[in-house]
Amino acid sequence: MNHTAANHVCAPSPEVRSLSDHPEAHVASAEELALISFSARLLFENGQSTENIVSALDQVADALGFRATVFPRWGELTILIKDSSGSRHEILAAAPVGVDMRKVAAIIGVTDDVCSGQLDVEAARPALEAVARFPPVSITRFALLAAAGAAALGVIFGATHPFSLLLIAISAGAGAYLRRWLAAISRNLFVQPLCAALLAGAIGAIAVRLQFSSALRLVAVCPCMILVPGPHLLNGTLDLARARIALGASRIAYAGMIILVICTGLLAGLSFGGVSLPASVPSYPVPLGYDVIAAGVAVAAYGTFFAMPWRMLPIPAAIGMLAHASRWGMISLAGASVQTGALVACLVVGIIITPIADRLRLPFAAFAFASVVSLIPGVYLFRMAGGLVDLVTLGEKASVDVLLNTIADGTTAALIILAMAFGLILPKMCIERFCPSLANPIRRGSWGRR
């Protein structure tokens, strides 16, 4: 519904100040307003970064002869329209809980065609509706890549027993089928990761009892690591960096809730077999070749989760392999910490991914996180959760080592996440600020088309 909003705008916002920069040529039609609203909602719901949504819709409205500014909040979008009739705004219900790179690329393709005059407003609406109906990745591809990605993470974290890797793949593949089934019968946002982690924990407990698992309990942990909501963490951090405090905090809180239910499901599944995650475990060095190849497989798996077309997967896979080689070199050759290794790897990815994602009109968070998925500190997060449970269970009988190892795991996980976010976001913001020519998008192209 529309409301008068002439006095509803705060002067300090640079986005709002832009409303007076261009004179309005005509009154925006209902079709034009619907195009703006529908495009904004689809981009918001499918993982596009806030800054790119605001910029894209501003360009479309400018091409149509009026001004439109999007103010996103968790659960809603406020779209401010200013034309020759005055100012008004529309509020839409929308939540940024999905990530679909193919939809984002296709939506931007439609808006580019409108801006260039190759597609009129009346034809744009059916085109966007067709994009909204894009089917998800096939269940076969989804399950196979989930299995391969989890097994690859197992290799990266030191799993060497072939049967352990097979169990990791089976657990992750079964979890993928379970998640798709649950998506068809429940709209709850947390049921899928909870049940998939519960299944992984139960299978892991059986593997430990049968002595098939490594000391890291990787049979249980690796299928859970592919559930970590990295794009939401990155988009939230980007919003915080650009002073969109409410939206950024909401995104991070949503990601935190998913991580919490993953930990809950994992520990509950392990408890069925009377198994717990060890508070401290030795690290296992992995040869460079295995490490880099496994990283490429993990990146391809995450690209599938985000609905990336097959022809595009080699791009993030190659970047992810380069990033992991950089991390391996920093840790194994330079003797750096895992936090420093993650920072260097993510700086490499941020520098390379920023111009590629912007020029191909793809969501930065999904593209970047897919390239660094093998760096996520899932093992540390899950061990910290297990340590906290042990502290509560044992009470006064808990040893000092359990407390110290729990604090160390939590601190390490937090520092790695901060290093990853800083390493990915800093190059993006610097390039867009100081070298905007590197981030000029390709207006016409076939990357996002079906």
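Ignoring everything except DSSP H segments at least 4 long, calculate the 222 nm mean residue ellipticity for the chain; use -39,500 (n - 2.57) per segment, divide by total residues, nearest 500.
Values: 17 runs with 288 residues, N = 450.
Taken over the chain, the calculation gives -21500 deg cm²/dmol.
For semi-axes √(5λ) of the Cα gyration tensor in Å, several values are listed as (1) 42, 22, 21; (2) 46, 27, 17; (3) 40, 30, 19; flag the one computed from this structure. Label (1) holds the value from this structure.
Projecting the Cα atoms of ALA357, ALA370, VAL389 onto the charge dipole of segment 356-425, computed from C-beta unit charges around the Cα centre, puts ALA357 farthest toward the positive end. Derived scalar couplings between HN and Hα for segment 136-142 equal x, 4, 4, 4, 5, 4, 4 Hz in order, rounded to whole Hz, by the Karplus curve 6.51 cos²θ - 1.76 cosθ + 1.60 (θ = phi - 60°), x for Gly and Pro.
Stretch ARG311-ALA249 to full length: gain in nm at 0.36 nm per residue minus the Cα-Cα span?
Working: separation 62, 0.36 × 62 = 22.32 nm, distance 3.46 nm.
Length difference between fully extended and current span is 18.9 nm.
Roughly how tilted is helix 121-132, in degrees to the nearest 10 and between 0 and 90, from the longest Cα axis of the chain? Rounded to the nearest ten degrees, it is 10.
Charges were assigned to the Cβ only: +1 to each Lys and Arg, -1 to each Asp and Glu. The resulting dipole of the chain about its Cα centre is roughly 820 debye.
If you run the Gaussian network model on the chain, springs between alpha carbon atoms under 10 Å, then out of ARG251, ARG359, ARG187 the most flexible one is ARG187. Only Cα pairs under 8 Å and 6+ residues apart enter the sum, and on that basis the relative contact order of the chain stands at 16 percent. A 1.4 Å probe run over the protein chains yields, for the chain, 42 Å² of accessible area per residue, whole-number rounding.
Helix 101-116 and the longest principal axis of the C-alpha atoms of the chain enclose an angle of approximately 20°. With point charges of +1 on the Cβ of Lys and Arg and -1 on the Cβ of Asp and Glu, referenced to the Cα centre of segment 46-172, which listed residue (SER55, PHE157, ILE79) lies farthest in the positive direction of the dipole? Among SER55, PHE157, ILE79, the one farthest towards the positive end of the dipole of segment 46-172 is PHE157. When the chain is treated as a GNM with alpha-carbon contacts under 10 Å, the residue of PRO287, PRO377, PRO223 showing the greatest mean-square fluctuation is PRO287.
Listed by chain and number, the lysines placed with their C-alpha closer than 29 angstrom to that of LYS428 are LYS103; residues fewer than eight positions away on the same chain are left out.
A 1.4 Å probe, protein heavy atoms only, puts the accessible area of HIS161 near 90 Å². Amide H contacts under 5 Å for ALA94: GLY75, GLU76, LEU77, restricted to partners 5 or more places along the chain or on a different chain, H placed in the peptide plane at 1.01 Å from N. Heavy-atom surface analysis with a 1.4 Å probe gives segment 253-377 a carbon and sulfur content of 73 percent of its accessible area.
The values are calculated or read from the model by the stated rules, or taken from the named source; none is laboratory data. Owing to the predicted nature of the structure, the values given are computational and were not obtained by experimental measurement. Note: ideal-geometry Cβ built from the backbone for every residue, glycine included; neighbour counts use all protein chains shown. When the accessible area is computed, the model is the full protein with side chains, heavy atoms only, and any ligands, DNA or RNA have been set aside. Shrake-Rupley method; radii C 1.70, N 1.55, O 1.52, S 1.80 Å.
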